[in-house]
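**Q** After the structure tokens below, expect a handful of questions from me.
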Amino acid sequence: FKEIIVSSFACDSCSWSNTEIQSAGRIQEQGVRYTLAVTSRQDMNREVVKTDCATARIPELDFEIPAFTQKGVLTTIEGIIDRAVAGLEQDQPVRRATDEEVASKIDEFIGKLKQLKEVRSSFTFIVDDPSGNSFVENPHAPRKDDALAVTRYRRTPQQAALLGLELDEKPADPAEDLRNEVLQFNTNCPECNAPANTNMKLVQIPHFKEVIIMATNCDSCGHRTNEVKSGGAIEPQGTRITLRITDPSDMTRDILKSETCSVEIPELEFELGMGVLGGKFTTLEGLLKDIADLVERNPFTLGDSSRPSKTEKLREFVGKLHEIVEGKTKAHFIMDDPAGNSYLQNVYAPEEDPELKVERYERTFEQNEDLGLNDMKTEGYESEGASGR
């Protein structure tokens, strides 16, 4: 079998003694079940290693010693029955005084257990140990014992939890490691070209998909930049998302704007083309403020070289944009992404949002050309390449 640790205790004053065993090895890969057909008196002398997490059963009597109710023992089958009889007899005097009927039934059952030791008729003895560290002796070893069946089995999650183990049924997912880790790689600052670090993390957006968030912080000049890229493929269809802004709380909605997404606000006759502002994962308020900053900081529109009439129109536009952010003006916010990788939070998810409309559409040839899909072939290219050679 294997090595075990046997500990014993004896008291000279009251003559009480006790022995326990512990496995000296680790928990096995599989659980084990020993099923022995006891047919003779010699079978009662078979050695048994029963750990504290093992269950012993005798089906003919509907008798069971549950796991973790006794310490581990190194004994015989007769010894296990004797321990069970001693345990049942321990409180019998109290039971006879309080409940005579229950005490008589237990006396009857004790009598049946004692009769088992005489082996007047065959019975089945089963030891089931999910740790795999219990043992029933085979006196014919190394030859097979026809009366003893040994079954190895895979532990259930419940059995693994009782043993303090965690079963990882699924193979390790490399993407799961990325979700729990912030990756860092060296780069150069786009402003001063000094060495800087870029942090990257994979984030799962609820009710959408995975995105990759990258942030760069330069310690030399203080320049900061962040960028969001889709973690998945281009969708089969484009997506057009329309939000009717009716309440200031709409400004707190999460928003993912990919690099291929264009933004439109019909009430302001405003349109932001794809590629402008790059990919962003922010709130609706954050994106509108970025649009306002883009207009205000443009030296060709609001700088010294701009015409007064154009400057006045742009200042008026920025003022209306701030009114939308503050909830003073209702407007429609439209995101059109041919790649289908943009997202606007549905605050009622998974129910439908009455103010949010999501449309799927087939891309035009020009949109596929902009995404580089017309010249991309992902099926059948191996055969064509082989025929060309």
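The values are calculated or read from the model by the stated rules, or taken from the named source; none is laboratory data. Keep in mind it's a predicted model, so treat the numbers as computed, not measured. Positions of Cβ are generated from backbone atoms using ideal geometry, with glycine treated the same way; all protein chains shown enter the neighbour counts. Just so you know, the surface numbers come from the protein's heavy atoms only, side chains and all, with ligands and any DNA or RNA stripped out. Shrake-Rupley method; radii C 1.70, N 1.55, O 1.52, S 1.80 Å.
**Q** At q = 0.14 Å⁻¹, what is the log10 ratio I(q)/I(0) for the range 32-83, with the Debye formula run over Cα points and no solvent?
**A** -0.34
**Q** Can you give me the distance in nm between label points at Gln115 and Gln184, each placed 7 Å from the Cα along the Cα-to-Cβ direction?
**A** 7.6 nm
**Q** When N counts the residues of the chain, how does its alpha-carbon radius of gyration compare numerically with 2.2 N^0.38 Å, as a ratio?
**A** So the chain has a normalised radius of gyration of 1.78.
**Q** Summing +1 for each Lys or Arg and -1 for each Asp or Glu, what net charge is found among the other residues whose Cβ lies under 13 Å from the Cβ of Asn45?
**A** -2
**Q** Just to confirm, what accessible area per residue do you get for the range 193-254 at 1.4 Å probe, in whole Å²?
**A** Details: 3310 Å² over 62 residues.
On a per-residue basis, the range 193-254 sits at 53 Å².
**Q** Something else now. Please compute the length gained on full extension between Met376 and Trp16, using 0.36 nm multiplied by the number of residues separating them and subtracting their Cα-Cα distance.
**A** 121.2 nm
**Q** Top mean-square fluctuation among Asp353, Asp82, Asp336, Gaussian network model of the chain, C-alpha springs under 10 Å?
**A** Evaluated over the chain, the most mobile residue of the options is Asp82.
**Q** Could you tell me what percent of the accessible area of the range 20-171 is made up of carbon and sulfur, with a 1.4 Å probe and every protein chain present?
**A** With neighbouring chains kept in place, the figure for the range 20-171 is 48 percent.
**Q** Let me ask you something else. At 222 nm, what helix-only mean residue ellipticity would the chain give, in deg cm²/dmol to the nearest 500, using -39500 (n - 2.57) for each DSSP H run of four or more?
**A** Result for the chain, helices only: -7500 deg cm²/dmol.
**Q** Run the simple label-point estimate for Val347 and Ile5 please: 7 Å along Cα→C-beta, distance reported in nm.
**A** With each label point 7 Å from Cα toward Cβ, the separation is 6.0 nm.
**Q** To make sure I understand the rule: partners must be lysines, Cα under 17 Å from the Cα of Lys310, and not fewer than 8 residues away in the same chain. Which ones qualify?
**A** Once the sequence-local lysines are set aside, what remains near Lys310 is Lys320.
**Q** Got a sec to turn the phi values of the range 26-38 into Karplus ³J(HN,Hα) couplings, 6.51 cos²θ - 1.76 cosθ + 1.60 with θ = phi - 60°, whole Hz, x for Gly and Pro?
**A** In residue order, the calculated couplings are 8, 5, 6, 5, 10, x, 9, 10, 9, 10, 10, 8, 7 Hz.
**Q** Here's another thing I want to ask about it. Cut-off under 28 Å on the C-alpha distance; same-chain residues fewer than 8 positions from Lys114 excluded. Which lysines are left, in chain and number order?
**A** Partners within reach: Lys50, Lys71, Lys105.
**Q** Let me ask something else about it. For the range 58-106, just run the numbers: alpha carbon Rg, then divide by 2.2 N^0.38 Å, N being how many residues it has.
**A** Values: Rg = 12.7 Å, N = 49, 2.2 N^0.38 = 9.7 Å.
So the Cα radius of gyration is 1.32 times the expected 2.2 N^0.38 Å.
**Q** Shifting gears a bit: With a sphere of radius 13 Å drawn around the Cβ of Thr282, what net charge do the other residues whose Cβ falls strictly inside it have (Lys, Arg +1; Asp, Glu -1)? Intermediate values should be presented prior to the final figure.
**A** Working: positive: Arg253, Lys257, Lys280, Lys289; negative: Glu227, Asp254, Glu285, Asp290, Asp293.
Residues close to Thr282 contribute a combined charge of -1.
**Q** What does the extension gain come out to for Tyr153 and Glu108, with contour length at 0.36 nm per residue minus their alpha carbon separation?
**A** Using 0.36 nm per residue and subtracting the Cα-Cα distance, I get 12.6 nm.
**Q** Roughly how much of Asp43 is accessible, in Å² to the nearest 10, using a 1.4 Å probe?
**A** It works out to around 20 Å².
**Q** Beyond 20 Å between alpha-carbons counts as too far, so tell me which of Lys229/Lys280; Lys257/Lys289; Lys257/Lys313; Lys328/Lys357 fall in that bin.
**A** Cα-Cα > 20 Å for Lys257/Lys313; Lys328/Lys357; rest within.
**Q** Calculate, in nm to one decimal, what Glu101 and Thr329 gain on full extension: separation in residues at 0.36 nm each, minus their alpha carbon distance.
**A** Value of the extension gain: 73.8 nm.
**Q** Follow-up. In 5 Å bins starting at zero, report the fraction of Cα pairs in the range 53-143 per bin as a rounded %.
**A** Final binned percentages: 3, 11, 21, 22, 19, 13, 7, 3, 1, 1, 0.
**Q** Using only Cα atoms, what Kirkwood radius does the range 212-370 have, in angstroms?
**A** Result for the range 212-370, one decimal place: 17.0 Å.
**Q** In nm, give the distance between the simple-model label positions of Lys310 and Ile205, each being 7 Å from the Cα along the Cα-to-Cβ direction.
**A** 3.4 nm
**Q** Here is a further query. Using a Förster radius of 22 Å, what is the FRET efficiency between Glu191 and Lys229 based on their Cβ-Cβ separation? Nearest 0.05, please.
**A** So the FRET efficiency works out to roughly 0.55.
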